[in-house]
Amino acid sequence: MPCSSATTASARRGAAFAPVAPLTGLPLILAVHPSLGVSSVDELIALAKSKPGELTYGSVGPGTVGHLAMELISVRTNIKLVHVPYPGSPPQVTDLVAGRLSMVLAVASTVMPHVEVGRLTALASCSARRARRAPNRAFSTRPRPCAPSARQPWA
């Protein structure tokens, strides 16, 4: 079905899209493998700056919220990370726990069970509020790892 002329004219004028309704409210957690030896976002950024292009991060595919948010972190903090796309959360988290990845920005329910038993370290949450899955975790908020638009998908 072709676009209406009003929609086409609006697009030509450069009209921006506006969010209409939130799709989900899942908090994202920045989790790292303990072998990195970092306990804050600032320490992670310092480590990444000292090893440009050596630290890796996983996502559940190119263009996903986790991928784009990590790219945003890279740009805002002037660090060079290597993106490793996965076909889903289970293989991504498996590789992080095994130490084959340095970090992920993933849904809390996929990483917090591993944080709770010490297999991963949670550094930050991208949700506006404390994650229910991690109510007793004091997360770093400076620098805030995600932009507001990366916290929650909208339609």
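All of the numbers you see were taken from the coordinates with simple rules; none came from a lab. Please read these numbers as outputs of a predicted model, since none were measured by experiment. Every residue, glycine among them, receives a Cβ derived from its backbone with ideal geometry; neighbour counts consider all protein chains shown.
Observations on the structure shown:
- Rel. contact order, % - alpha carbon contacts under 8 angstrom, at least six apart, the range 39-133: 30 percent
- Whether the range 26-131 is rounded, prolate or oblate, judged on the alpha carbon gyration tensor where a/c under 1.5 counts as rounded: rounded
- Label-to-label distance, nm, for residues given as N78 and A98 (7 Å Cα→Cβ offset): 3.7 nm
- Here the dipole of the range 26-131 is about 100 debye; that uses its Cα centre as origin and unit charges on the Cβ of Lys and Arg (positive) and Asp and Glu (negative).
- Across the range 101-118, coupling constants 3J(HN,Hα) worked out from phi with the 6.51/-1.76/1.60 Karplus curve, θ = phi - 60°, read 10, 7, 7, 9, 10, 10, 4, 3, 5, 8, 10, 5, x, 6, 5, 4, 9, x Hz, and Gly and Pro carry x.
- Estimated vicinal HN-Hα couplings, Hz - the range 50-67 in sequence order (Karplus 6.51, -1.76, 1.60; Gly, Pro = x): 7, 9, x, x, 9, 8, 10, 9, x, 9, 8, x, x, x, 7, 4, x, 5
- Phi-based couplings in Hz for the range 26-41 (Karplus 6.51, -1.76, 1.60; Gly and Pro marked x): 7, x, 9, 10, 7, 10, 10, 6, x, 5, 5, x, 10, 10, 8, 4
- Sequence-distant residues sharing a close amide H with T56 (under 5 Å, placed H): V82, S102, M103
- Neighbour counts of other Cβ atoms within 10 Å put L26, L101 in the fewest-to-most order L26, L101.
- Taking a Cβ cut-off of under 15 Å around K80, the surrounding Lys, Arg, Asp and Glu residues balance to a net charge of +1, with basic ones at +1 and acidic ones at -1.
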